Structure formats: structure tokens, C-alpha cells
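> First the structure, which I've put down as C-alpha cells, then a few questions once you've had a look.
Please treat every number below as a calculation from the coordinates, not as lab data. Quick caveat, the model's predicted, so the values are computed rather than measured. Note that each Cβ is placed from the backbone with ideal geometry, even for glycine, and that neighbours are counted across all protein chains shown.
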Amino acid sequence: MAAHVTVIGGGIVGVCSAAFLLRQGFAVTLIEAGEIGEGTSFGNAGNISPGSVVPYLIPGILREAPKWLLDKEGPLVVRPSYFLNVLPWFIAAAKEAKVENALKTSRAMRELHRGTFDAYAELTRGTEAEALIDRCGQLHVSEREGYAKGSELSQFMREAAGIKVIAINGDEVREAEPTLAPIYKSGLLLPDNGRVKNPHQLCTILAKEAEKAGATIVRGKVTSFLTDGKHVQSLVVNDLLMPVDRLVIAAGVGSRKLAKALGIEVPLEAERGYHITVMDSNVMPKVTVTNRDLAFACAPMNMGLRVAGTAEFAGVDSEPNWERTELLKRQAVRMFPMLKLENVTRWAGDRPSFPDGLPALGAAPGYDNAYFAFGNGHFGITGGPVMGKHIAEIVAGKKPGIDVTPYRPSRFLGS
Ligand SMILES: Cc1cc2nc3c(=O)[nH]c(=O)nc-3n(C[C@H](O)[C@H](O)[C@H](O)COP(=O)(O)OP(=O)(O)OC[C@H]3O[C@@H](n4cnc5c(N)ncnc54)[C@H](O)[C@@H]3O)c2cc1C
């Protein structure tokens, strides 16, 4: 009989993990507390960005961040009541904004994400999801001359990783995307990046395919584990004990509580983002356009134009601040003056973010049958399939296709 793996979490990382575990010959059970793909994987901007190798935490950020924090309309928000809770995370994150750390993170991002389109192709080939993946490139724009290409360090990182980019001026921005307001003075084309046209559909199709291939999907919230301190024997879901052979925690922001239930503290924060999706928008850019000045993305999706952004630290259980979506509306109209905002939905979701900007991928510290696959922050749609591929290799006891040292979960324990 095939060895069995239980995966907790039916977001992009969990469904990709289940799919690759099946390919490694395991029997798989996927447990999801809500509906498949309705966590953070539902409402993101859908960017698939293997060519994005500039971490958020680079030296310049420490100059920009206070300015953003003071600006009510800026992209970074900390809810005052949550400030002291998140302070240790910010202190840890600030340490990453050194040149040598940023270069290390950049290399680790590239190493993890470089195979993302191939991994998606492996999972979607011959399925309805194949048409959702589009390697169409991305466009970044700025109202500032020369700003879209980023700092010298950013340019160095892209060059070092061999990433193709094309810096363009205001006229070329308008030529690339004529529906943009004529206010942009610089742009950057990233031809190696792309998008998913509907991240929720992608998750549900991949989960259905996994089911067809033999996976069992269980609805329920995992609340605790039975362990002997180094081996997980069973888990509690829907007040029932379910035996565990091997376990993968891929529960997005929910992973922190699950890791804690195993006795492992991880510095995972909920970095909340918001979106509006505009149906009958009257405007549909050819590729996703990222506003570099205000850090939000305008993504052409199969259900409408999605405008997504904001990094709000307010705690995972706090109420959304819907004023953020009103702001996105105003900012989107400034960017696309012909945009019609008559038929709009709104959404908020929490990015699972570690202070060093990298995910946790590998064995749960101290355990011989539990594994972590979470913490992809701003890059979970990009990272989902490669996280799945490598965690399946690790669980199978094989050497993963990449050096996974930078993502080892034990790094938070100081080892
Ligand atoms: C506004 C915004 C824009 C973004 N844009 C992009 C982008 O363009 N490109 C990109 O690459 N990334 C983007 N991201 C990030 C990306 O969406 C996330 O990194 C990714 O969706 C995380 O996937 P996940 O599977 O780890 O988590 P989730 O999608 O949240 O899935 C985790 C699942 O686990 C379940 N769960 C949690 N706890 C339990 C439990 N105890 N028992 C059972 N189930 C449980 C939850 O219900 C959930 O369904 C964006 C995020 C936001 C907020």
C-alpha cells in the first residue's frame, strides 16, 4: 500500500503539494477548513513572476517605509492597536534590508521561482487550467522619470540573475498600454513574467484533478495534533481524531497556529492586501500593469479588471478596513481615466509573510514525519507549484531539485 500524506490547506500551495505528492506515488488527503482556493489564493493579482528578483526588503526601503506609514493613502499600513505585536517582526525585517542579506534573498527567490512556469505546465497540461496560465510579460510604470527600473542595486540583482528587462520612457509606456493616463514618465517591461487569469479557478481545477487522480478532500478545520514530541500520530479535525502517516502544513496564514500546536514558534505575520474587481470595466490592459509609485497591480482577469495592493499589518483576526478599497478605486481611475466603476466587488486577504521574505519549505524542526510549506508572502501564486514540487520530493526522501537551505524552517530557531 502507498504511504499516505495528509496536507492541511487548500490554497495554491496545498493543492500543488497534493498534486505533486500524488506524482511521487503517495496516497493523499487534503484538509481544507473552508472552500478550496478561497483563502488568500482567491483574490491576489495573479502575477507569476519568476523574473522578479528584487526583495521588498532592500536598503532603500528603510527610507521609504516611514514616509509610506505617515501617508494615509500610502501602500503600507500598521493598525495602531497592533503596532506592539508586530514590532519584533519589523525589527527582524529591518535586519534583512542590508545589501548582503538582500542579495542572498534575491538569489533564493530566483532559485525557488525560476521553474514556476514549467511546474505549472506539468500540473495543468491537458486540463482546463492550461489556458489560465499566460506567459505574457508584465509592465511596471512610474510617474517619476527613470524610477520604474528601480535602484542600482535592483538593476544589479536582475543582471546577476540573468533577468531580461526593458526600461522604457513615457512615450513608450503609452505605446505599450494606450489606455494608461499620460502621466507616466518611465516604465519597465518584464517579458519573462506572466499571469494567471483566475487564481481561484486555477486552485479549484487543480484540486479536482487531484481528486480524479485519487486524492481525498476533507472539509474541516484542524485544531490540534497528537504527538510524542517528534512524531505526529494523529490530528483533530471536526472534533474527530484522524491518524497521520506523514503531514504537510500548507495552511497559509493559518500555519502559524498549526506550527504552534506542534510546539514550534514561527514569525509568520498576516500582511493584508485588498482588491477591487471591476466587471464591465471599459478598460482592459494587455498585461498586468504595476504602479511602482503606489505598489499596486492592475491585472486583466477573465472575470474583470482586478486592482490589488496594500500591505496592512492589523493581525490575522482583525476586521478589514474597507476604506482601502475606496482608495484603490480612486488610484485606479487616476491610472486608467476611462475605467468605469459601476460593477465592482471588493475583497481582503492575508499574505503569509516571514520577515526575511522567504517561505518555510522542509521538515518541521524536531519532527520525523511533519513538513512545512508556507509563508510565500507576496509570491504565493508564483511560488505555489515549485513549493509543491519540492515539498513532495522532500517528503519522498529524495534530493530536491534545488538547494532548499535558504528556506529551511529551522532558520527561525537560530540553527
Ligand atoms: C492583494 C494581494 C495580491 C497578491 N498578488 C500576488 C501576485 O500577483 N502574485 C503572487 O505570486 N502572489 C500574490 N499574492 C500572494 C498570494 O496570494 C499568497 O502568497 C498565496 O495565495 C498563499 O497561498 P497559500 O496556499 O499559502 O495560502 P491560502 O491561499 O490562504 O490557503 C491556505 C488555506 O488553508 C486553510 N486553512 C488554514 N488553517 C487551516 C486549518 N487549521 N485547518 C484546515 N485548513 C486550514 C485556509 O482556509 C486556506 O484555504 C497576493 C496577495 C494579496 C493579499
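> Taking a cut-off of 17 Å between Cα atoms, list the aspartates and glutamates near Lys221, but don't count ones fewer than 8 places away on the same chain.
Cα-Cα hits under 17 Å: Glu32, Glu35, Glu38, Asp239, Asp317.
> Checking the table Lys212/Lys286; Lys208/Lys257; Lys164/Lys286; Lys260/Lys398; Lys164/Lys208; Lys98/Lys286 against a 30 Å threshold on Cα-Cα, which pairs fail? Mind showing how you got there, number by number?
Numbers: Lys212/Lys286 34 Å; Lys208/Lys257 27 Å; Lys164/Lys286 19 Å; Lys260/Lys398 27 Å; Lys164/Lys208 36 Å; Lys98/Lys286 36 Å.
Violating the 30 Å limit, Cα to Cα: Lys212/Lys286; Lys164/Lys208; Lys98/Lys286.
> Once both axes come from the Cα atoms, what is the angle between helix 152-161 and the longest principal axis of the chain, in degrees from 0 to 90, rounded to 10?
50
> Right, here's the next one. At q = 0.06, 0.07 Å⁻¹, what base-10 log of I(q)/I(0) does the Debye formula yield for the chain when every alpha carbon is treated as an equal point scatterer in vacuo?
So the normalised log intensities are -0.22, -0.31.
> While we're here: Would you kindly derive the ³J(HN,Hα) couplings of segment 372-378 from the backbone phi angles with the Karplus curve 6.51 cos²θ - 1.76 cosθ + 1.60 (θ = phi - 60°), listing them in order in whole Hz, with x for Gly and Pro?
So the J values, rounded to whole Hz, are 10, 9, 7, x, 7, x, 6.
> Got a sec to turn the phi values of segment 59-68 into Karplus ³J(HN,Hα) couplings, 6.51 cos²θ - 1.76 cosθ + 1.60 with θ = phi - 60°, whole Hz, x for Gly and Pro?
Running phi through 6.51 cos²θ - 1.76 cosθ + 1.60 with θ = phi - 60° gives x, x, 4, 5, 7, 6, 4, x, 4, 4 Hz.
> Please give the FRET efficiency for Ser151 paired with Lys257, using the beta carbon to beta carbon distance and R0 = 30 Å, rounded to the nearest 0.05. Intermediate values should be presented prior to the final figure.
Values: r = 37 Å, r/R0 = 1.24.
Step by step, r from the Cβ atoms, then E = 0.20.
> State, to one decimal in nm², a quarter of the convex hull surface area for the C-alpha atoms of segment 230-296, i.e. the direction-averaged projected area. Walk me through the intermediate numbers first.
On the way: hull surface 34.9 nm².
Across all orientations, segment 230-296 yields a mean hull projection of 8.7 nm².
> Next up: Compute the long axis of helix 83-96 from its Cα atoms, compare it with the longest principal axis of the Cα atoms of the chain, and write down the angle in degrees, 0 to 90, nearest 10.
Once rounded, the angle reads 80 degrees.
> For segment 80-155, just list the percent of Cα-Cα distances falling in each 10 Å bin from zero outward, please.
All Cα pairs, binned at 10 Å, distribute as 13, 24, 30, 26, 7 percent.
> Still on this structure: Compute the FRET efficiency between Asp403 and Lys67 as 1/(1 + (r/R0)^6), taking r as their Cβ-Cβ distance and R0 = 41 Å, and round to the nearest 0.05.
Values: r = 37 Å, r/R0 = 0.89.
Once rounded, the FRET efficiency stands at 0.65.
> Rounded to the nearest 0.05, what FRET efficiency do Leu84 and Glu323 have when you use their Cβ-Cβ distance and R0 = 25 Å?
0.60
> According to the Kirkwood expression over distinct Cα-Cα pairs, how big is the hydrodynamic radius of segment 1-151, in Å?
Details: mean 1/r = 0.0526 Å⁻¹.
Hydrodynamic radius (Kirkwood, Cα only) of segment 1-151 equals 19.0 Å.
> Right, next: Output the Kirkwood hydrodynamic radius of segment 141-273, Cα pairs only, in Å rounded to one decimal. Intermediate values should be presented prior to the final figure.
Numbers: mean 1/r = 0.0506 Å⁻¹.
Mean inverse Cα-Cα distance, inverted, gives 19.8 Å.
> Label-point separation (nm) for Glu211 and Glu35, each offset 7 Å from Cα along Cα-to-Cβ?
Placing both labels 7 Å beyond Cα along the Cβ direction yields 1.3 nm.
> Hey, another quick one. Once segment 1-83 is represented by equal point scatterers at the alpha-carbon sites, with solvent omitted, what log10 I(q)/I(0) does the Debye formula produce at q = 0.14, 0.22 Å⁻¹?
-0.77, -1.04
> While we're looking at this one, here's another question. I want to check the label-to-label distance for Ala92 and Ser224. Put each point 7 Å from Cα in the C-beta direction and report it in nm to one decimal.
2.5
> Can you compute the radius of gyration and Dmax for segment 222-269, using only the Cα atoms, both in Å?
My reading of the Cα-based Rg and Dmax gives 10.5, 29 Å.
> Something else now. Across segment 211-226, in residue order, what do the Karplus-derived ³J(HN,Hα) couplings come to in whole Hz, using 6.51 cos²θ - 1.76 cosθ + 1.60 with θ = phi - 60° and x for Gly and Pro?
Residue by residue, segment 211-226 yields 4, 4, 7, x, 6, 9, 10, 10, 8, x, 9, 7, 10, 6, 10, 10 Hz.
> A further question on this structure: When the helix-only estimate is applied to the chain (DSSP H runs of n ≥ 4, each -39,500 (n - 2.57), divided by the residue count), what is the mean residue ellipticity at 222 nm, nearest 500 deg cm²/dmol? Intermediate values should be presented prior to the final figure.
Details: 12 runs with 131 residues, N = 415.
That calculation yields -9500 deg cm²/dmol at 222 nm.
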